[in-house]
Structures are given as structure tokens and as C-alpha cells.
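Each remark here refers to the structure printed beneath this line.
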Amino acid sequence: MNPAELVVAPSILAADFAYLADAARAVEGVADWLHVDVMDNHFVPNLTIGLPVVRSLLQATAIPFDIHLMITDPRRWAPEYAEAGAYNVTFHAEACDDPVALAKDLRAAGSRAGLAIDRDTPIEPYLDLLPHLDTLLIMTIKAGFGGQRFMPELLSKVRAARQRVAAEGLQIRIEVDGGIADDTIAQAAEAGADAFVAGTAVYGVPDAAEAVRRLRALAEGAQR
Ligand code: DX5
Ligand code: ZN
């Protein structure tokens, strides 16, 4: 895929967990990445799926996996997702005291490395780390649950990151996650995001593939 193009990543958190393979196949050919939210009931109150389910799901689809780890001990678990075949593995800044070391481990294990910044975490301390990362995930909600209201005030972090990426000519995706839908994706694209996670907006409507196409068109129309 051309890195200049934007990425749409449906989040299976909003799909029917009894039919995850069907949810993945429903967006094959239209989605760039499949966003998989791993929650451990410690870092966030919610609990979802872990490695065994991810391993099985990887066999069921050809879409590159974007793993979003909302867990307390990413250094213990993140490389295993890379080894299992995930395309990108993102861990939270709030859960890791040495993000550069973990990013290095992830790349060595065969995936891209992503750092996630939750709602209440400032971006500034992490801007110097961008050259060591492939993806910067900026939450546009508080991590933990789907279906929350998009928080436009968090886009100031996207603007700050985009500014730094442009100033230094870095190759990194700036991804937004939370409340991304038809009425919010343009603002996020204008702020400088080029990867968009959408759960409810894709799997909460009857035609998931059509929702992905529509989101992509809206983001492309707004990209600066
Ligand atoms: C929540 C997850 C999101 C979630 C987004 O912590 O990280 O990926 O699926 O869901 P929506 O798009 O419904 O806000
Ligand atoms: Zn997520």
C-alpha cells in the first residue's frame, strides 16, 4: 500500500464476537487494517480477547492486523502478537516505562511498532520518540469501551504530532481511535490524522463494507 494513502481500520470490538471471522471478511478488499482491541480488565475495566483468539482470526483473513493493546504489561505480551503475524502492534504509553525498547523488540519480532496516548495523557513528552515508531495512536475518547462520544478537543494532540512529523520528515502513521464516524472523520483528517479506527460506525450499520468506503471518501475529501 502506498504510505501516502490513508488507512481505514474497522474495529471488531463493535462486531458480534460469535462471528469474528465473518466480521473480518465483511471488510476484506475495502479496509486497510483490521483493528483488534485487546483489553485485560486491569489497564482498562473491560475484557476482550487475547492471543489464542487473535491467532485463530489471523488464519481466517488476509487483512493486516492492527493490534491495540490496552493491557498493563505490554513488554510481556506485545512481541508475541508480532510473532503471531500482526502487521502493527500498538501499546499504551501509560503502561510502558521504556517505549523505545519495546518498539525495537516489536520490530525485531516482525511487526510495526505503535504507541498509544490515552485521553488524559499529554503528547509533548512523546514527540521526541516518534523516529522510533511506525504508528502513533491518539485516543479521541478514554480507552476502554466502544460507542463513546468523539472528543474534538483531543485533536490538538494530532495537530502537534503532525507538525513534528512534517518538520522532521518522519515516516509514521498518525491514527485516531474513538468516536470516528461520518460526522467526525473529516475533523480528524483536517487535524492531520492519516489512519482512522472505526467500530460502531462500521459494525453498527447493516453494510460494513459500504461504511468503510464512505468513511474513506469523507477522510480523503478533508485531507490537507
Ligand atoms: C476503545 C477502542 C476502540 C473502539 C472504538 O477503547 O480502542 O478501538 O472500538 O469504538 P468506536 O468507533 O465505536 O468509538
Ligand atoms: Zn482501539
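The values are calculated or read from the model by the stated rules, or taken from the named source; none is laboratory data. This structure is a prediction, so every number in the text was calculated from the model and none was measured. Ideal geometry is used to build each Cβ from the backbone, glycine not excepted, and the neighbour counts take in all protein chains shown. The protein model used for the area step is the full one, side chains on, heavy atoms only, and it has no ligands, DNA or RNA in it. Shrake-Rupley method; radii C 1.70, N 1.55, O 1.52, S 1.80 Å.
Sorting the segments 97-107, 65-75 by their mean number of nearby beta carbons within 10 angstrom, highest to lowest, gives 65-75, 97-107.
Can you work out the FRET efficiency for the pair His42 and Val205, with r the C-beta to C-beta distance and R0 = 25 Å, to the nearest 0.05?
Using R0 = 25 Å, I get an efficiency of 0.20.
Packing, taken as the mean count of other beta carbons within 10 Å per residue, orders the peptides 154-162, 122-130, 170-178 from highest to lowest as 170-178, 154-162, 122-130.
Spin-label pair Ala62-Gln171: with each label point 7 Å from Cα along the Cα-Cβ axis, the two points sit 2.4 nm from one another. Remark: the chain carries 42 Å² of accessible area per residue (probe radius 1.4 Å; ligands, DNA and RNA excluded).
Taking 2.2 N^0.38 Å as the expected size of a compact globular protein, what ratio does the Cα radius of gyration of the range 30-97 give against it, to two decimals?
Relative to the rule-of-thumb radius for its length, the range 30-97 sits at 1.06.
Size descriptors for the range 78-126, from the alpha-carbon set: Rg then Dmax equal 11.0, 32 Å.
A helix-only calculation puts the chain at -10000 deg cm²/dmol for mean residue ellipticity at 222 nm, using -39500 (n - 2.57) for each DSSP H run of at least four residues, averaged over all residues.
For the pair Tyr19 and Leu129, the difference between a 0.36 nm per residue extended length and the Cα-Cα distance amounts to 35.8 nm. The value given for the range 88-224 is a Kirkwood hydrodynamic radius of 15.2 Å, derived from the mean inverse Cα-Cα separation.
Approximating the spin labels as points 7 Å out from Cα along Cα→Cβ, the Asp73-to-Asp183 distance works out to 4.3 nm. If you look at the Cα atoms of the range 150-224, you get an Rg and a Dmax of 12.6, 42 Å.
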